[in-house]
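*Asks:* My questions all concern the structure below.
The values are calculated or read from the model by the stated rules, or taken from the named source; none is laboratory data. On a predicted model such as this, the values are computed, not experimentally measured, just so you know. All Cβ positions, glycine included, derive from the backbone under ideal geometry; neighbour counts span all protein chains shown.
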Amino acid sequence: MATLEIARQSATRGGITGALPLKDTFEVAKLIDVSKCIGCKACQTACLEWNDLRETVGVNVGVYDNPHDLTENSWTLMRYTEWDNPETGRLEWLIRKDGCMHCADPGCLKACPSPGAIVQYTNGIVDFQKDACIGCGYCVKGCPFNIPRISKATEKAYKCTLCVDRVSVGQGPACAKACPTQAISFGTKAQMKDLAQKRIKDLTSRGYKNAGLYDPPGVGGTHVMYVLHHADKPQVYASLPGNDVKISPVVELWKGVTKYAGMGLIAFAAVAGAVHHLIVGANRVTEHDEQEGKKTLDGKIKESA
Amino acid sequence: MTNSWQDIKNTDLVLIMGGNAAEAHPCGFKWVTEAKANRGAKLIVVDPRYTRSASVADYYAPIRQGTDIAFLLGVINYLIKNDKVQWEYTKNYTNAAFIVKEGFGYSDGLFSGYDESKRDYDRSSWDYEYDEQGFAKVDTTLENPRCVWNLLKAHVAQYTPEMVERICGTPKDAFLKVAQMISETSAPDKVMTSMYALGWTQHSKGSQNIRCMAMLQLILGNMGMMGGGMNALRGHSNIQGLTDLGLMSNLIPGYLTLPNERESDIDTYMKTRGFKELRPNQVSFWRNYRKFFVSFQKAMWGDNARADNQWGYDFLPKMDVPSYDVLRAFEMMHQGKMNGYFCQGFNPLMSFPNKNKIKAALGKLKFLVVMDPLKTETARFWENHGEFNQSDPAKVQTEVFELPTTCFAEDEGSLTNSSRWLQWHWAGADAPGQAKTDVWIMSQLYKRLKALYEKEGGAYPDAIKALTWNYKDPNEPSPEELAREFNGYVVADVPDPADPSKMLLTKGKQMVAFAALRDDGTTACGNWIYCGSFTEAGNMMARRDNKDPSGLGVHQNWAFAWPANRRILYNRASADVSGKAWDPKRSPIAWDGTKWSGPDIPDIAPTAKPETVMPFIMTNEGVGRLFVHKLMKDGPFPVHYEPFESPVPNLVASKVRGNPAARVFKGDMEQFGDAKEFPFAATTYRLTEHFHYWSKHNAVNAVMQPELFVEISEQLAELRGIKKGDWVRVDSNRGYIKAKAVVTKRIKPLICDGKPVHVVGIPIHWGFMGATKKGFGANVLSPFVGDANIETPEFKAFLVDIKPTTPPTDAPATS
């Protein structure tokens, strides 16, 4: 959005206005309190409505999750897990709203080879710019949470924008607005961390001794955070990556050492070519080359006749 | 609701039983999360399934569907045995001390006076002992063996924790945990709220399910309290308005009742509606019945309702049966005794039990009129949709008229929500195509019927011809005009008897409150409980002031709550006998030395002295009823009766099938299945993703839950060789459906009397119209029997079998 300043963008050193850091006082976050979520899917519905997306009507495959995975039209999804808690011997129905985590250190942005196709605003929102997207799918590989989806029709990548269009005019995301139990809150990251502490205290008093905040440091923290009753076991929430989640080493390597090594190789090739030209000179076409070429061409014309 | 949605935030303990608020009322459920997050309130869920509500509960206990009364009587037994009773409340504010007359008795599941051939009781023995002045005798020491308290104690004694486990399949430790948590709210300053819905009403003993909980709440002293009460979560946005306005075959607005055929004149009619006080100095508010009734007649027939024609009493239909409820209507249709049917905002083919019977009945009609904003299955009952709706249209002779109507977002008016709030709304969009408002359609019907009666006469044209119809546009009365009429207005000047130069009531003015309604024809009021909603000060329903000075969720100037803008019913009971609040921090009203004051409107005369008038002014005892004298058809106390189709025998009433006082039509009894052929206990319910049979027409909702499924336990899946996502066929003795299988840990076999009972959960919502995948209606399976008192069908408990199958086949597409 024009009103938001860009902190970083893909395949570009620095942002459009130079390399701005995320602004502490301005960083936004969405807090998803899994312990308050009733899995009503109002967030999913609001997401489709606000973003004017139309998902296809699927089938039931024996679970409540519909659609069955994130798609280019479904940017958020309730994932339901029936979990027998081995410590209490009681069943828990864990319902997690899946979607982009808006990492402070976004793997998608790092992996993206197209300049400006992925941007991060100074408020922390990570956004895809479809005009610049080349549909290569590197962002999918780069994301440690397996979020972006490529549309076969448009050959572009899609994911949650954290309702950047709403946020930029001072509103909260559509999903937070629609949530009937205030399981989804939106504010500054500092506010959301405070709120999380209040919720964790309540959960601890109810016997959830490992209640905690999911804000994994391996990706620099996230701008979508979870309050989990079992923060020591994020994996039980429909395979949410562990607290030690990191960007894939391949991406780090590709965009780190490998990138510079690759650039070095390209530079070497260019230099070598120039040196070769200087020493050997340009290639010349000899009479023999011309004859051979003519023969080949004639043969092809005969064949096609 | 006795309380309001907002008031749930004031509670200490939420009991969700007989409902699934997170699933079916997600927006209202926010007040549960408020109470939990801000007050540290606890949430208990008791349900056959581990539901969405259970997913955020502090404690979940399983229960077999249709055994709630055994569970709740078990809790009452626990409270009595462990002395967890709010004694001052129970002694003063309930009929615990009332003495029941000799001759009343109970044994083997039946009360005195049962007549098996009629499936009904002679209720004369279900009454108190009276003194010479006609007042009920009491024993405040509670020593008399025939006082209500001792009869109740004896009645519940057999519902021990062991018996609860045997009947309900609730493990004893789980039951005891729940009972213990509930019992803590017997402290005067602790409250529990009961949130229930169709999980209690849709049983052959639905009324008694709710009554049983009301008794429990009285014993705990939780009625009238902020954060307490009996909170019915209504299933449609305006279903509260439907009952308030008397859209039942035997009611007129404001819960007044239609006369029966033996009540040939108004004085006879009033004889059983006198509601004389049963205790000295008490207020029996229904003594004003005649004022409400005459004012209603004036609203309907204006100048044609006069003293000399008994206020138009003859214009009213007289009932020859207790009610023409929907089950009776379709039974008559099925027998060919009803040949025309108007379906207004109603999709009975999908939403009534035994779909095959409903379909056959519709096929016997001469004409069917469907008024609806959507393309309903009912209007297309004759179409062939293969296995989803098998039909040979050429053989159906019913003529079907479909009149498209506006939907709620396309017209103006008020909706009454569960909190009893009348909230005005405005049209958000124009109606598409030829859609018309229901009011326009009804007005055209009226005009044409009246013209026909005037031209051709008829058996009794008077009632229609005499109807008052003073609207600016007789073709379409405006919502405001109708609302003003419901509120009521002054028909003729009433001088002040103290000072005849002044007027008590001035002709043409809107009524201010129902207390001023009169039975002399000087006032008109369409619905006495809505009086005060549209006064000279304007439309109270359109108020949108969300200020809440007390911080207790009263919101006195937001919309209008009936009655009298009161937000908590029976709020006098929130204070002790001397008028002091049981809990000053959460006090709706208290006695300030001269009057009742507080954030809410007192549910008692503002200057009624404490210690004299007791809080329950809508009963003629003045107190809450633990024992109901004569009013309930199936007993003064609740009894555990099995559903008509039960997987197990009744352990407390072995000779009784179902509710012994429930009406069963001939032919339907034969269609009940038994556990040998249909071994599994089925129940039906709603899902958050859909609203009844409406939202399947919406693409986004269809995405959220696209296809019909049934839910079964891992154990039942194993037993029947069913895997997750397989097609299964579910059979009852009335038909079959095919659906996808959701195999879940959230349903577990219940061990009842040592044997496993498998539960099959069947969501409603699917049909052969709309944006979802085509699906069978769950009500192909459900039995055609209703609650003994109000005939709500038994959708929640019946028997089925289940096995793997092949996908359903649709009819070949026609082009």
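*Asks:* Test of understanding: among B:Lys84, B:Lys91, which residue is in a loop (DSSP other than H, G, I, E, B), away from chain A (no Cβ under 14 Å) and among the charged types (D, E, K, R)?
*Replies:* It is B:Lys84.
*Asks:* Given the residues A:Gly39, A:Gly15, which is the only one that is out of contact with any helix residue (DSSP H, G or I) (no Cβ under 6 Å at 6 or more places or on another chain), in the same structural domain as A:Val224 (by TED's automatic domain parsing), at pLDDT below 95 and surrounded by 18 or more Cβ atoms within 10 Å (Cβ to Cβ)?
*Replies:* So the residue among A:Gly39, A:Gly15 that is out of contact with any helix residue (DSSP H, G or I) (no Cβ under 6 Å at 6 or more places or on another chain), in the same structural domain as A:Val224 (by TED's automatic domain parsing), at pLDDT below 95 and surrounded by 18 or more Cβ atoms within 10 Å (Cβ to Cβ) is A:Gly15.
*Asks:* Report the residue count in the stretch B:7-34 for those that are at the interface with chain A (Cβ under 8 Å from one of its Cβ atoms), surrounded by fewer than 24 Cβ atoms within 10 Å (Cβ to Cβ) and in contact with an Asp or Glu (Cβ under 9 Å, 6 or more places away or on another chain).
*Replies:* The number of residues fulfilling the criteria is 0.
*Asks:* Among the candidates A:Gln191, A:Gln197, which residue alone is part of a helix (DSSP H, G or I) and over 29 Å from A:Glu87 (Cβ atoms)?
*Replies:* Testing whether each residue is part of a helix (DSSP H, G or I) and over 29 Å from A:Glu87 (Cβ atoms) leaves just A:Gln191.
Matching residues to (1) hydrophobic (A, V, I, L, M, F, W, C); (2) assigned to a loop (DSSP other than H, G, I, E, B); (3) touching a Cys at 6+ places or on another chain (Cβ under 9 Å):
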position: B:Ser578; (1), (2), (3): no, yes, no
position: B:Lys585; (1), (2), (3): no, no, no
position: B:Pro588; (1), (2), (3): no, yes, no
position: B:Pro602; (1), (2), (3): no, yes, no
position: B:Lys609; (1), (2), (3): no, yes, no
position: B:Met614; (1), (2), (3): yes, yes, no
position: B:Met618; (1), (2), (3): yes, yes, no
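*Asks:* On the basis of being within 19 Å of the chain's Cα centre (by Cα) and away from chain A (no Cβ under 14 Å), does B:Asn3 make the cut?
*Replies:* yes
*Asks:* Could you grab me the full set of residues in the stretch A:130-154 that are hydroxyl-bearing (Ser, Thr, Tyr) and either assigned to a loop (DSSP other than H, G, I, E, B) or in contact with a Phe, Trp or Tyr (Cβ under 8 Å, 6 or more places away or on another chain) (or both)?
*Replies:* A:Ser151, A:Thr154
*Asks:* What number of residues in the stretch B:717-763 are closer than 18 Å to B:Pro62 by Cβ, in a strand (DSSP E or B), in contact with a helix residue (DSSP H, G or I) (Cβ under 8 Å, 6 or more places away or on another chain) and at the interface with chain A (Cβ under 10 Å from one of its Cβ atoms)?
*Replies:* 2
*Asks:* I want to confirm something. Restricting to the stretch B:775-815 and keeping residues that are in contact with an Asp or Glu (Cβ under 6 Å, 6 or more places away or on another chain) and part of a loop (DSSP other than H, G, I, E, B), which single residue is surrounded by the fewest Cβ atoms within 10 Å (Cβ to Cβ)?
*Replies:* Step by step, filter the stretch B:775-815, then rank; the result is B:Thr809.
*Asks:* Checking A:Lys177 against (1) of a type outside the set (Phe, Trp, Tyr); (2) exposed (fewer than 15 other Cβ atoms within 10 Å of the Cβ); (3) within 14 Å of chain B (Cβ to nearest Cβ): exactly one of these is not met. Which one?
*Replies:* With respect to (1) of a type outside the set (Phe, Trp, Tyr); (2) exposed (fewer than 15 other Cβ atoms within 10 Å of the Cβ); (3) within 14 Å of chain B (Cβ to nearest Cβ), A:Lys177 is out only on (2).
*Asks:* Here is a check on your reading of the model: is B:Ala37 assigned to a helix (DSSP H, G or I), within 14 Å of chain A (Cβ to nearest Cβ) and in contact with an Asp or Glu (Cβ under 7 Å, 6 or more places away or on another chain)?
*Replies:* yes
*Asks:* May I pose another question? Looking at the stretch B:303-338, which of its residues are among the hydrophobic types (A, V, I, L, M, F, W, C), assigned to a loop (DSSP other than H, G, I, E, B) and in contact (Cβ under 8 Å) with a residue 12 or more places away in the chain?
*Replies:* Of everything in the stretch B:303-338, those that are among the hydrophobic types (A, V, I, L, M, F, W, C), assigned to a loop (DSSP other than H, G, I, E, B) and in contact (Cβ under 8 Å) with a residue 12 or more places away in the chain turn out to be B:Ala305, B:Leu316, B:Met338.
*Asks:* Could you tell me whether any residue of the stretch B:677-695 is within 14 Å of chain A (Cβ to nearest Cβ), more than 27 Å from the chain's Cα centre (by Cα), outside any strand (DSSP E or B) and within 23 Å of A:Trp83 (Cα to Cα)?
*Replies:* No, that holds for no residue.
*Asks:* Taking only the stretch B:40-78 into account, find how many residues are of a type in the set (S, T, N, Q), within 14 Å of chain A (Cβ to nearest Cβ) and in a helix (DSSP H, G or I).
*Replies:* Counting residues in the stretch B:40-78 that are of a type in the set (S, T, N, Q), within 14 Å of chain A (Cβ to nearest Cβ) and in a helix (DSSP H, G or I) gives 1.
Here is a yes/no grid of residues against (1) away from every other protein chain (no Cβ under 13 Å); (2) among the hydrophobic types (A, V, I, L, M, F, W, C); (3) under 23 Å from the mean Cα position of the chain (by Cα); (4) outside any loop (DSSP other than H, G, I, E, B):
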residue: A:Lys30; (1), (2), (3), (4): yes, no, yes, yes
residue: A:Gln44; (1), (2), (3), (4): no, no, yes, yes
residue: A:Leu48; (1), (2), (3), (4): no, yes, yes, yes
residue: A:Asp52; (1), (2), (3), (4): no, no, yes, no
residue: A:Thr56; (1), (2), (3), (4): no, no, yes, no
residue: A:Val61; (1), (2), (3), (4): no, yes, no, no
residue: A:Asn73; (1), (2), (3), (4): no, no, yes, no
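*Asks:* Among B:Pro610, B:Pro599, which is the only one that is buried (at least 18 other Cβ atoms within 10 Å of the Cβ), over 24 Å from the mean Cα position of the chain (by Cα), at pLDDT below 95 and over 29 Å from B:His758 (Cβ atoms)?
*Replies:* B:Pro610
*Asks:* All but one of (1) touching a Pro at 6+ places or on another chain (Cβ under 8 Å); (2) over 16 Å from B:Trp126 (Cα atoms) hold for B:Val613, so report the exception by its number.
*Replies:* (1)
*Asks:* Just one of (1) closer than 26 Å to A:Gln44 by Cβ; (2) more than 14 Å from chain A (Cβ to nearest Cβ) trips up B:Gly658, so point out which.
*Replies:* The one condition B:Gly658 does not meet is (1).
*Asks:* Continuing with this model, one more query. Pairs please, first residue from the stretch B:72-88 and under 23 Å from B:Trp200 (Cβ atoms), second anywhere and assigned to a loop (DSSP other than H, G, I, E, B) and charged (D, E, K, R), Cβ atoms under 8 Å, 6+ apart in sequence or on different chains.
*Replies:* Once the first residue is under 23 Å from B:Trp200 (Cβ atoms) and sits in the stretch B:72-88, its partners that are assigned to a loop (DSSP other than H, G, I, E, B) and charged (D, E, K, R) give B:Tyr78/B:Lys84.
*Asks:* Further question: Quick one: B:Ile441 ticks every box in (1) closer than 30 Å to B:Phe29 by Cα; (2) touching a residue at least 60 places away in the same chain (Cβ under 8 Å); (3) of a type in the set (A, V, I, L, M) bar one, so which box is it?
*Replies:* (1)
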